[in-house]
Amino acid sequence: MAELIVTKYIDVPGIDTLDVYRAHDGYKALEKALREYQPEQIVEMVKKSGLRGRGGAGFPTGMKWSFLPKDSSRPRYLCCNADESEPGTFKDRMLMEKLPHRVLEGVIISSFATHVHHAFIYVRGELAFAGRQMERAVSEAYNAGYLGKNILGSGYDLEVTVHRGAGAYICGEESALLESLEGKRGYPRLKPPFPATIGLYGGPTVINNVETLATVPPIVLSGAEWYASFGTEKSKGTRIFCLSGHVNRPGNYELPLGTPLRVLIEDYGGGVWKGRQLKAIIPGGSSTFFLGPDKIDVPLDFESVAAAGSMLGSGGVIVFDDQTCIVDAVLRISEFYRDESCGKCTPCREGTFWMVQLLERLEAGHGKSSDMDLLVDICDNISGKAFCPLGDAATSTVVSSIKLFREEYEFHVRTGHCMVGPRARQPATTTA
Amino acid sequence: MISQEAKQRMHAAVARYPVARSAMLPALHIVQEEEGFITEEGINAVAEVIGAKPDEVQSIATFYSMYFKKPAGQYVIKVCTSISCYLRGCDQLLEHLEKRLGIPRGQTTPDGQFTLLTTECLASCGTAPVLQVNNEFVEDLTTDKVDALIAELRRQPATTAQEC
């Protein structure tokens, strides 16, 4: 049984309330941080722990915090990125709904560490209950003196505002989140400058994912060395893996980084459902590349998944069985990026739209043999050329599916229908 | 009708931020709660409270997918159709719902009770397929569960947006 760190006590009844949370180590880390450490020492501790961002990019958290300039004429802010919208990902929602105080305690300690006096929790609009849980936790914390002026007599002040989004995947991109929080359309900003230098209202801003922040209290309570004793050399600690798709037991599973994909899918997920075979896996949310079944033993850490040809990403592991038409699945994934593209830059706005048109044509049986190369060419014109990572994300499953399952695309062109799945038929003739 | 109480809530929202304009999204949510969709009166109210031009408020309202441009039903059903729900049969459930409600996706029933929409990933992939009714989750869907849900909702008294 894996040691639970960020999801410890998640099943204790009432753990989402202040009293029960306090009875289970709640806010002990905050007390320890305020009483025993200087802010800079907390930053060093988080650096030493090896904690890396859990939203998708995996940037070292302590290092990100240390990028804030020592002097700035504008106030500093911290934003908790709770805009969880990456298909296949559902861990942050669980943390906010079931452990809102742990998330909040992480926000408070991290704000203390980075000399921030006003923090925002940007919750995507569709997560109404999660937003209410965070609001209630904030209210309870104010009443108990964990927020506001002179927290626990330390002299440290912090205000927290829970901010509700209104439906936009792009607002999970940190610079678009800032635009949205400033009351504008969620168009990404040019980077550099990065939010650490010029962020919210132009001031130095820390932006971290919900799970990243929720990991800070356990690190403070039990120490950086203890946290770093889990995981691999470059991917320390544990993380929540979100298992979904064609498995018997989909759900959130907190496991040490480096756990093999097979262990997650078979031991925890109960294996591929309906007695079927594994066809493909997306390891880190739909913005990451497909892996074939030969990669089932890949350790789930940043380096190993990258070496296998994909990314650890958001931890959203999506499993596809052998009755899945890959072309239809990629069409569905691509519709997401077309719908969520903010429209600011031409490669992404036009490219995502065009790719869906081509995939629709291929799936419907009107595709041309040149369509696959055209798709790859469109992806090449988006990747690295779009204004923000959403464009790149839109290309991942398209290029990797053409690479791994080209014969399935060619089958659609040749016969006019799917090779497998509910719309597969025997071809009427064997000639093209 | 944007009530005085709603305007007060908008002012309270402004007070939570260092810059008034940051209350734009919360204020638009208040309009939608009051009117059921983003009305012209609502846009003007937000503009006045925030200190922005109505055009600017309109531009924000049209960017975010949760704000409706026209009236919606008493119960807005959003069915997730992203990849993990697709893999667990959301398309068949959506077709079933269309038959049950007698409307295609994107439409509202003639009696104004139900609006049926598709939506992108709702962060509930572990309990797929899922839908939301007025932003509250109904998970681990089956056709039986969907039928029971519609029957339950049909038993509720009909209200208009303003009375909610």
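The values are calculated or read from the model by the stated rules, or taken from the named source; none is laboratory data. Computed from a predicted model, the values in this text were never measured in an experiment. Every residue, glycine among them, receives a Cβ derived from its backbone with ideal geometry; neighbour counts consider all protein chains shown.
Side notes on the structure shown:
- Among the conditions (1) of a type outside the set (D, E); (2) closer than 18 Å to B:S22 by Cβ; (3) surrounded by fewer than 21 Cβ atoms within 10 Å (Cβ to Cβ), B:A61 misses just one, which is (3).
- The single residue among A:P69, A:P87, A:P60 that is more than 14 Å from chain B (Cβ to nearest Cβ), surrounded by 15 or more Cβ atoms within 10 Å (Cβ to Cβ) and either modelled with pLDDT of 95 or more or more than 20 Å from the chain's Cα centre (by Cα) (or both) turns out to be A:P60.
- Of all residues in the range A:210-225, none are within 14 Å of chain B (Cβ to nearest Cβ), part of a strand (DSSP E or B), within 18 Å of A:R54 (Cα to Cα) and not hydroxyl-bearing (S, T, Y).
- Within the range A:377-398, residues that are under 22 Å from A:A329 (Cα atoms) reach partners that are surrounded by fewer than 21 Cβ atoms within 10 Å (Cβ to Cβ) and among the polar types (S, T, N, Q) with beta carbons closer than 6 Å, at six or more positions or on different chains, in the pairs A:D392/A:S383; A:T395/A:S383.
- Residue, farthest from A:Y201 (Cα to Cα), within the range A:177-191, restricted to residues that are crowded, with 22+ Cβ neighbours inside 10 Å, touching a residue at least 40 places away in the same chain (Cβ under 8 Å) and within 10 Å of chain B (Cβ to nearest Cβ): A:G186
Listed here are the residues, each with its yes/no results for (1) without any contact (Cβ under 8 Å) to a residue 60 or more places away in the chain; (2) polar (S, T, N, Q); (3) surrounded by 19 or more Cβ atoms within 10 Å (Cβ to Cβ); (4) more than 12 Å from every other protein chain (Cβ to nearest Cβ).
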site: B:K7; (1), (2), (3), (4): yes, no, no, yes
site: B:M10; (1), (2), (3), (4): yes, no, yes, yes
site: B:R16; (1), (2), (3), (4): yes, no, no, no
site: B:A20; (1), (2), (3), (4): yes, no, no, no
site: B:L25; (1), (2), (3), (4): yes, no, yes, no
site: B:I30; (1), (2), (3), (4): yes, no, yes, no
site: B:E34; (1), (2), (3), (4): no, no, yes, yes
site: B:E40; (1), (2), (3), (4): yes, no, no, yes
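- Within the range A:314-367, being more than 22 Å from B:D91 (Cβ to Cβ) and part of a loop (DSSP other than H, G, I, E, B) holds for A:S314, A:G315, A:S341, A:C342, A:G343, A:K344, A:C345.
- Some residue of the range A:28-44 being free of Cβ contacts under 8 Å to residues at least 40 places away in the same chain and buried (at least 21 other Cβ atoms within 10 Å of the Cβ): no
- Qualifying residue in the range B:94-109 (condition: more than 22 Å from B:E33 (Cβ to Cβ), loosely packed, with under 14 Cβ neighbours inside 10 Å and in contact with a helix residue (DSSP H, G or I) (Cβ under 6 Å, 6 or more places away or on another chain)): yes
- Of residues in the range A:316-352 being surrounded by 16 or more Cβ atoms within 10 Å (Cβ to Cβ) and either of a type in the set (F, W, Y) or at positive phi (or both), the one farthest from the other protein chains (Cβ to nearest Cβ): A:Y337
- Unmet requirement for B:L94, which otherwise passes all of (1) in a helix (DSSP H, G or I); (2) away from chain A (no Cβ under 14 Å); (3) in contact (Cβ under 8 Å) with a residue 12 or more places away in the chain: (2)
- Counting the residues of the range B:106-134 that are farther than 26 Å from A:D83 by Cα and either in contact (Cβ under 8 Å) with a residue 12 or more places away in the chain or not assigned by TED's automatic domain parsing to the domain that holds B:P157 (or both) gives 6.
- Looking only at residues in the range A:90-119 that are more than 10 Å from chain B (Cβ to nearest Cβ) and basic (K, R), the one that is surrounded by the most Cβ atoms within 10 Å (Cβ to Cβ) is A:R102.
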